[in-house]
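Some notes on the structure that comes next.
The values are calculated or read from the model by the stated rules, or taken from the named source; none is laboratory data. Quick caveat: nothing in here was measured; it's all calculated off a predicted structure. A quick note on method: Cβ atoms are made from the backbone with ideal geometry, for glycine too, and the neighbour counts reach across all protein chains shown. To get the accessible areas, we keep the full protein, side chains included, count just its heavy atoms, and leave off ligands, DNA and RNA. Shrake-Rupley method; radii C 1.70, N 1.55, O 1.52, S 1.80 Å.
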Number of protein chains: 2
Amino acid sequence: MIELSHLQVLSGEWLSGGGAEADVVVSSRARLARNVAGFPFLTRASEEKRAAVEELVRASIKDSSLRTRVNYHDLAAMEHVERQFLVERHLISRDHAFAQGPRGVAFAPDERISIMVNEEDHLRIQSLRAGLELREAFELANEIDDALEERIDYAYSSQFGYLTACPTNLGTGMRVSVMLHLPALVITREIEKVFQAVNKINLAVRGLYGEGTQASGDFYQISNQVTLGKTEVEIVDNLVSVIPQIVKYERKVRQTLLQAKRVVLEDKIWRALGVLRFARTITSEETLELLSLVRLGVHLTVIEGISTSTINELLVLSQPAHLQKVESAKLSSHERDVVRARYIRERLSKDMGPVG
Amino acid sequence: MIELSHLQVLSGEWLSGGGAEADVVVSSRARLARNVAGFPFLTRASEEKRAAVEELVRASIKDSSLRTRVNYHDLAAMEHVERQFLVERHLISRDHAFAQGPRGVAFAPDERISIMVNEEDHLRIQSLRAGLELREAFELANEIDDALEERIDYAYSSQFGYLTACPTNLGTGMRVSVMLHLPALVITREIEKVFQAVNKINLAVRGLYGEGTQASGDFYQISNQVTLGKTEVEIVDNLVSVIPQIVKYERKVRQTLLQAKRVVLEDKIWRALGVLRFARTITSEETLELLSLVRLGVHLTVIEGISTSTINELLVLSQPAHLQKVESAKLSSHERDVVRARYIRERLSKDMGPVG
């Protein structure tokens with residue numbers, strides 16, 4: 001069992017609630033898919049080849065001159081709950097957590113950088129930042145990529161660019177995305193229009209944990225689909241130019257809602273806080289829904305005395321693996337719901353004072 | 001407009017939360033139906049006859065040697081909201097409030113006694129008490145009846161007893177009832193068994209405001225159906241012997257629930273309190289439902305710091321006419337829901353301290 005206790009403290013920079021347009025943009029992410037030349041893609045690699053890739057990449061990370069210190073963790077040796085813990089923290093993907101075979105992840109203490117080894121590709125370099133900070137996220141991922149490239153011979157074609165296990169990543173191997181909080185667009189059902197507009201310009205909409213996951217708590221990930229035929233900077237610029245329009249739309253609808261249905265909206269927000277402060281058992285799905293409303297309330301200054309970083313902390317720490325880490329115990333689903341409710345009550349009382 | 005401001009303070013003895021078996025029995029009521037000899041029943045009476053009855057009874061009440069001081073109010077001259085106010089307080093019936101023609105009510109400041117004039121019968125003498133105090137309620141109604149009989153010649157037949165507008169009241173003219181709070185029996189759906197058992201022994205089950213009203217918030221009124229061929233004391237004794245069995249059943253199921261599903265039950269109770277403390281708009285139906293759960297929580301000592309009399313006060317004062325009285329304004333349904341939510345929040349904060 002590796003020591004993850006430092007992660008129990010909320011250290012991730014992207015959870016700070018800061019960054020540009022933080023009322024709507026939770027976080028920005030850039031990730032680069034890379035493969036090691038001379039080794040087959042993982043879908044076709046034997047156990048031995050996978051192990052060889054893992055060893056090579058691990059050593060390269062260790063030896064490289066990264067400005068950011070990263071620690072490497074062997075996922076194959078890690079318990080289920082700990083891998084789940086890293087998923088909840090967005091440091092690895094679900095697929096990576098629950099795959100088989102030699103694989104690992106290196107990440108920085110501030111969680112701005114994580115390097116997944118033997119996920120779908122041999123390497124997935126990811127940078128995560130609070131707010132709308134796509135360029136900064138891309139630059140950091142790019143810097144890590146350059147540093148690793150000094151040690152690793154990447155699979156690269158002068159015709160196609162970086163070669164990847166899945167052709168949808170070919171070329172730049174880059175996926176940039178932002179996590180948006182769009183409660184007003186969901187309430188008014190304007191969200192469908194956003195989806196349609198976004199799809200038209202070849203952007204994808206996904207849920208809270210990326211590909212194949214459902215949107216929940218009104219959180220949506222928007223990312224580029226095209227990785228080929230454009231430069232990294234063009235891809236970033238494209239997303240950077242689109243997102244502010246969605247942000248503006250969400251803000252406008254929030255104000256419209258507040259003017260047209262203030263009482264109904266405020267009531268929804270306050271009831272959400274009421275349930276979070278009083279419930280004795282609560283599922284993670286309901287927690288997400290209610291925290292989404294509270295987050296909206298904070299940014300509309302309906303609720304005061306609670307910060308975005310507290311809401312982010314609750315979003316992350318109320319998840320199953322985090323609760324089990326905090327409790328140092330394996331918990332059944334029912335037990336988790338009780339522990340979750342208690343944790344949320346205590347955390348909110350810390351910020352807002354006790355309730356009778 | 002008559003002065004009802006003294007009623008804004010919660011003066012009704014039956015709302016004290018006291019009396020026997022108060023965890024389950026909210027209140028006990030006895031009422032006697034009487035008619036004046038020589039006048040037709042109201043269903044067949046002309047406007048003039050109705051007016052004459054009203055004048056006669058009003059004068060008799062005024063002149064009688066009642067130990068309890070009562071004030072007479074002319075319902076025909078009273079505004080709609082004020083009549084509704086008296087209904088919410090259980091001082092008059094809905095039918096009485098919304099009927100036409102000369103009619104009135106006399107009641108005592110402690111609200112233990114009310115005498116409805118020209119309701120279904122010429123007189124309806126009612127006594128209301130907190131808890132299971134049926135004998136006391138009957139004795140007080142009986143005392144008023146005796147005092148009035150010195151002044152009024154009641155319609156009486158040596159064969160049938162007191163003559164009443166509806167044959168279901170013939171004989172004693174007496175209806176005794178208890179208001180029960182049966183949340184555990186409702187949650188477990190055992191309540192149907194109670195209804196069946198009660199009906200078998202000729203008792204009736206009704207809602208919060210008597211005949212023809214729906215049960216809400218788990219409050220049920222149980223009363224005798226037979227008024228003929230038994231003495232008043234036998235009727236009271238019958239109900240007095242049955243009610244403790246229902247009380248025992250409800251208590252047993254409460255404990256069973258607490259043992260088998262403590263978390264679920266406590267969660268329901270606390271969430272109800274959370275919504276009441278945080279909502280910005282709330283209907284009277286939802287208020288009743290939630291207060292029912294909070295009342296259960298108080299009697300199971302799940303919730304502390306709030307008294308049964310506060311819950312009763314909330315039950316009564318959160319009703320439409322009371323809210324309008326408190327606000328001194330005619331309110332739309334939406335406005336009432338907002339005022340109700342604010343009133344409930346403030347009242348609970350007074351007892352339990354503020355929430356953030």
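Roughly how many Å² is the accessible area per residue of the protein assembly as shown, as a whole number, for a 1.4 Å probe?
On the way: 30130 Å² over 712 residues.
So the protein assembly as shown comes to 42 Å² accessible per residue, rounded to a whole number.
Remark: the range A:261-352 carries a charge dipole of roughly 80 debye about the Cα centre, counting +1 on each Lys and Arg Cβ and -1 on each Asp and Glu Cβ. Entry for the range A:141-291 at q = 0.09, 0.15, 0.19, 0.21 Å⁻¹: log10 I(q)/I(0) = -0.42, -0.89, -1.17, -1.33, Debye formula applied to identical alpha-carbon scatterers, no solvent contribution.
With 50 Å² as the minimum drop in accessible area between chain alone and full protein complex (1.4 Å probe), the qualifying residues in the range A:275-319 are A:Phe278, A:Arg280, A:Thr281. Here A:Lys49 is the anchor, and the lysines within straight C-alpha reach of less than 30 Å, apart from those fewer than 8 places off in the same chain, are A:Lys62. Starting from the label point of A:Ile201 at 7 Å along Cα→Cβ, the same points in the other copies fall at 7.6 nm, in ascending order. Placing +1 on each Lys and Arg Cβ and -1 on each Asp and Glu Cβ, with no other charges, gives chain B a dipole about its Cα centre of roughly 1040 debye. My understanding is that a pair violates if its Cα-Cα distance is over 20 Å; which of A:Lys261/B:Lys350; A:Lys193/A:Lys252; A:Lys330/A:Lys350 do that in this structure? Long pairs (Cα-Cα over 20 Å): A:Lys261/B:Lys350; A:Lys330/A:Lys350. Residues whose amide H comes within less than 5 Å of that of B:Leu91, counting only those at least five positions distant or on another chain, are absent (H built at 1.01 Å from N in the peptide plane).
Rounded to the nearest whole Hz, the Karplus-based 3J(HN,Hα) values (6.51 cos²θ - 1.76 cosθ + 1.60, θ = phi - 60°) of the range B:166-182 follow the sequence 10, x, 5, 10, 4, x, 7, x, 9, 10, 10, 8, 10, 9, 10, 10, 10, with x at glycine and proline. The gain in end-to-end length when the B:Asn199 to B:Arg67 segment is fully stretched comes to 43.8 nm, 0.36 nm per residue minus the alpha carbon separation. Both radii come from the Cα set of the protein assembly as shown: Rg as radius of gyration, Rh as Kirkwood radius; their ratio Rg/Rh reads 1.17. The region of chain B that goes longest without hitting one of the trypsin sites (Lys or Arg not before Pro) in a DSSP loop, each with at most 15 other Cβ atoms within 10 Å, is B:70-150. Given all pairs of different Cα atoms, what value in angstroms does the Kirkwood hydrodynamic radius of the range A:261-352 take? Value: 13.3 Å, from the Cα pair sum. Helical runs assigned H by DSSP (4 residues or longer) give chain A a calculated mean residue ellipticity at 222 nm of -14500 deg cm²/dmol, each run adding -39500 (n - 2.57) before division by the residue total.
Amide H to amide H, with H built 1.01 Å from N, B:Ile113 comes under 5 Å of B:Ala108, B:Leu128, counting only residues 5 or more places away or on other chains.
Projecting 7 Å from Cα along the Cα-to-Cβ direction, the label point of A:Gln255 sits 6.2 nm from its equivalents in the other copies, listed shortest first.
Cα convex hull, the range A:210-296: 107 Å³ per residue, rounded to a whole number. Accessible-area loss of 40 Å² or more (1.4 Å probe, protein heavy atoms, chain alone versus all protein chains) is found in the range B:327-356 for B:Gly356.
Surface composition of the protein assembly as shown: carbon plus sulfur atoms hold 49% of the accessible area, using a 1.4 angstrom probe and ignoring ligands, DNA and RNA. Listed by chain and number, the aspartates and glutamates placed with their C-alpha closer than 17 angstrom to that of B:Lys268 are A:Glu286, A:Glu335, A:Asp337, B:Asp218, B:Glu285, B:Glu286, B:Glu289, B:Glu304; residues fewer than eight positions away on the same chain are left out.
Given q = 0.06, 0.13 Å⁻¹, what are the Debye log10 I(q)/I(0) values for chain A, with equal point scatterers placed on the Cα positions and solvent ignored? The Cα Debye sum returns log10 ratios of -0.23, -1.03. The modelled label-to-label distance between A:Ala77 and A:Arg151, using points 7 Å beyond Cα along the C-beta direction, is 1.7 nm.
Dipole of the range B:212-327 computed with +1 at Lys/Arg Cβ and -1 at Asp/Glu Cβ about the Cα centre; of B:Gln259, B:Ile246, B:Gly229, farthest Cα towards the positive end is B:Gln259. Accessible area buried by the pairing of A and B, both sides summed with a 1.4 Å probe, works out to roughly 1800 Å². Pull out a ≥ b ≥ c, the square roots of the eigenvalues of the alpha-carbon gyration tensor of the range B:1-143, then state rounded if a/c is under 1.5, prolate if not and a/b is larger than b/c, and oblate in the remaining case. Judged from the Cα gyration tensor, the range B:1-143 comes out prolate (a/c at least 1.5, a/b above b/c). Normalising by the residue count of the range B:109-256, find the relative contact order in percent from Cα pairs under 8 Å and 6+ residues apart. Computed value for the range B:109-256: 20 percent relative contact order. Whole-percent P(r), the range B:240-282, all Cα pairs, 10 Å bins from 0: 25, 31, 27, 16, 1. Remark: label point of A:Gln225 defined 7 Å out from Cα along the Cα-Cβ vector; separations to the same position in other copies 6.9 nm, ascending. Applying the criteria of a DSSP loop state and at most 10 other Cβ atoms within 10 Å to the GluC sites (Glu not before Pro) of the range B:100-171 yields B:Glu150.
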